[in-house]
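Colleague: Sharing a structure with you now.
Just so it is clear, none of the values below were taken in a lab; they were calculated from the coordinates. Everything numeric in this text was worked out from a predicted model, so none of it was measured. Positions of Cβ are backbone-derived with ideal geometry, glycine not excepted, and every protein chain shown enters the neighbour counts.
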Amino acid sequence: MKRWQKVVIFLTMVVLLVVGAALFYRDITAFTLPENKKMNVDRIYMHEPGRYSVMIKTGPKGEELEIIELRADRKIHIIADVPSQDPCWVYFEREKTMKQSWEKIWIHVHSPQDIQGGGWNHGKFGKGQTVIIE
């Protein structure tokens, strides 16, 4: 093999390595959220233990709704400390090694009755609706 062929093979491998690393980095950072504290939470859904969705009022008059899914591999803190006239809110710290998974989540509510049951779907293993027991 000639020297120029070895150089071409080496450069091709370097380019593939750089592109692969860029794609991997993009994949693990694709689900980062811009801020860790979300105010004006309108609804909170518990799909299953460790998986919640929050519906947040956005826009100048609160006419738009944004839904954020929160997942936790560890304990979720649900704190009933919000006065009745104030909106619920959520705070989370992102786990750096898993995409779309958060290490710590604090959901601040008026009372536990603010949390509603949410649907879940595990494909061929079944689907359903979480029922809140009062």
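Colleague: Along the Cα→Cβ direction, 7 angstrom out, place labels at residue 16 and residue 66. What is the inter-label distance in nm?
Modeller: So the label points at residue 16 and residue 66 sit 4.1 nm apart.
Colleague: Sticking with this one: May I ask you to order 63-69, 86-92 by the average number of other C-beta atoms within 10 Å around their residues, highest value first?
Modeller: 86-92, 63-69
Colleague: For region 37-129, just the Cα atoms, rotate onto the principal axes and tell me the three extents in Å, largest first.
Modeller: 42, 28, 25
Colleague: Something else: So which of 104/124; 104/127; 38/104 end up more than 24 Å apart, counting from Cα to Cα?
Modeller: Correct reply: 104/124; 104/127.
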